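Q: The structure's right below; bear with me while I get my questions together.
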Amino acid sequence: MRPASRSGVSGAVRDLVGAFLPLSARDLEREIDERLHRAPNRLNEYGYDPYGLSLDAARRMMLPMALLYRHYFRVETFGIEKVPSGRVLLIANHAGQLPFDGAMINVAMLLEAEPPRICRAMGEYFLPRLPWMGVAMARMGSMVGTPENCVHMLENEECVVVFPEGARGMNKPYTERYQLQRMGLGFMRLALETDTPIVPVAIVGSDDQQPGLANFSGLARMPGLPALPVTLGFPLLGPVGMLPLPVKYRIYFGQPMSFEGDANDEDAVNQSRVDAVRDAIEAMLIRGVRKRRGIFR
């Protein structure tokens, strides 16, 4: 169901901005709008889903990410047809200092998957405390990554993306690029509790978008941040220094993996299951990096 269109000053401003968009951007905006309305959703009479998603807000916020996807990172996807319908956990490697990798997976699932999927991201605990981020997360259908939130989404047949390396992966130094960090066990317990298939995802490119030189994690903990990275541009160039380099992304989706057992099994048992997912991601990463090197020789 399409929510009623807004009118008044806000609608006029949007129309004015749209008139100045290049034709290719307007075509992309129409594509995003069409695919958002094709994606499975449960909107109420006011145009919101149970998690706060608004298709109108999602379309506006998705456009800049889709422009990055198509024209800046020039993303290619492989095996996205393997993602099953219904509830699913996408488990991916994490890198790049800022979570552009998560945004690119979200855009890929919307623009490339059939049918389109609205991919739910599980955000870090500190994100809602940042200006505007709490509302922005809700309007995109994302939530803070608590087990309770994730279980609720999976039980309602959502597609959820999780980066179990967390800040360990996203803010690792460039000397450790494409080396997977320790993965938490939480996603495996969630998969077992909700009987959810896992699709391993390998992202090639994000490790190169913002090479990290150091990470002052001790200083970061004082304001409650997970990391305080030093990169080629940050903090020397201020916020501009955190902008990613225009590297090419390649996203590989693996075969779905299903696991049997109890979510409350011993950590050692769940660790062996996590290791199987980690091995699948690592194998795709190795192949992807080798393929990229072969292309650029």
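The values are calculated or read from the model by the stated rules, or taken from the named source; none is laboratory data. Since this is a predicted model, take the numbers as computed values, not measurements. Positions of Cβ are backbone-derived with ideal geometry, glycine not excepted, and every protein chain shown enters the neighbour counts. Accessible surface areas use protein heavy atoms only, side chains included; no ligands, DNA or RNA. Shrake-Rupley method; radii C 1.70, N 1.55, O 1.52, S 1.80 Å.
Q: Any idea which residue in region 252-285 is nearest to V88 (Cα to Cα), counting only those that are open to solvent by 80 Å² or more (accessible area, probe 1.4 Å) and under 24 Å from the mean Cα position of the chain (by Cα)?
A: Applying the filter and picking the extreme gives S258.
Q: Okay, next question. List the pairs whose first member sits in region 250-265 and is assigned to a loop (DSSP other than H, G, I, E, B), whose second member is acidic (D, E) and at pLDDT 95 or above, and whose Cβ atoms are under 8 Å apart, counting only residues at least 6 apart or on separate chains?
A: Going by the 8 Å Cβ cut-off, the qualifying pairs are A263/E193.
Q: In region 214-249, which residues are closer than 17 Å to F100 by Cα, of a type in the set (A, V, I, L, M), open to solvent by less than 60 Å² (accessible area, probe 1.4 Å) and modelled with pLDDT of 75 or more?
A: M242, V247
Q: Still on this structure: Which of the following residues is in contact with a Leu (Cβ under 8 Å, 6 or more places away or on another chain) and closer than 23 Å to D267 by Cα: L213, L154, L192, L185?
A: L154
Q: So, one more: Out of everything in region 48-71 that is among the aromatic types (F, W, Y) and farther than 11 Å from M104 by Cα, what residue ends up being modelled with the lowest pLDDT?
A: Among those residues, the one meeting the criterion is Y51.
Q: Right, another one. Do you know which residues across region 45-60 are loosely packed, with under 15 Cβ neighbours inside 10 Å and either touching a residue at least 60 places away in the same chain (Cβ under 8 Å) or in contact with a Ser or Thr (Cβ under 7 Å, 6 or more places away or on another chain) (or both)?
A: Hit for region 45-60 is P50, nothing else.
Q: Residues of region 173-188 being more than 16 Å from I203 (Cβ to Cβ) and either in a loop (DSSP other than H, G, I, E, B) or without any contact (Cβ under 8 Å) to a residue 24 or more places away in the chain (or both), which ones?
A: Within region 173-188, P173, T175, R182, G184, L185 qualify.
Q: Also, I was wondering about something else. Against the conditions (1) open to solvent by 20 Å² or more (accessible area, probe 1.4 Å); (2) touching a residue at least 60 places away in the same chain (Cβ under 8 Å), where does G79 fall short? Just the number, please.
A: Answer for G79: the failing condition is (1).
Q: Let me ask another. E112 fails exactly one of the following numbered conditions: (1) in contact with a strand residue (DSSP E or B) (Cβ under 6 Å, 6 or more places away or on another chain); (2) open to solvent by 10 Å² or more (accessible area, probe 1.4 Å); (3) farther than 24 Å from S258 by Cβ. What is the number of that condition?
A: E112 satisfies all of (1) in contact with a strand residue (DSSP E or B) (Cβ under 6 Å, 6 or more places away or on another chain); (2) open to solvent by 10 Å² or more (accessible area, probe 1.4 Å); (3) farther than 24 Å from S258 by Cβ except (3).
Q: Which of (1) closer than 25 Å to R250 by Cβ; (2) at pLDDT 85 or above is the odd one out, the single condition N171 does not satisfy?
A: Exception for N171: condition (2).
Q: Further question: Looking at R74, R42, which is the one that is under 30 Å from D208 (Cβ atoms), open to solvent by 70 Å² or more (accessible area, probe 1.4 Å), outside any helix (DSSP H, G or I) and not aromatic (F, W, Y)?
A: R74
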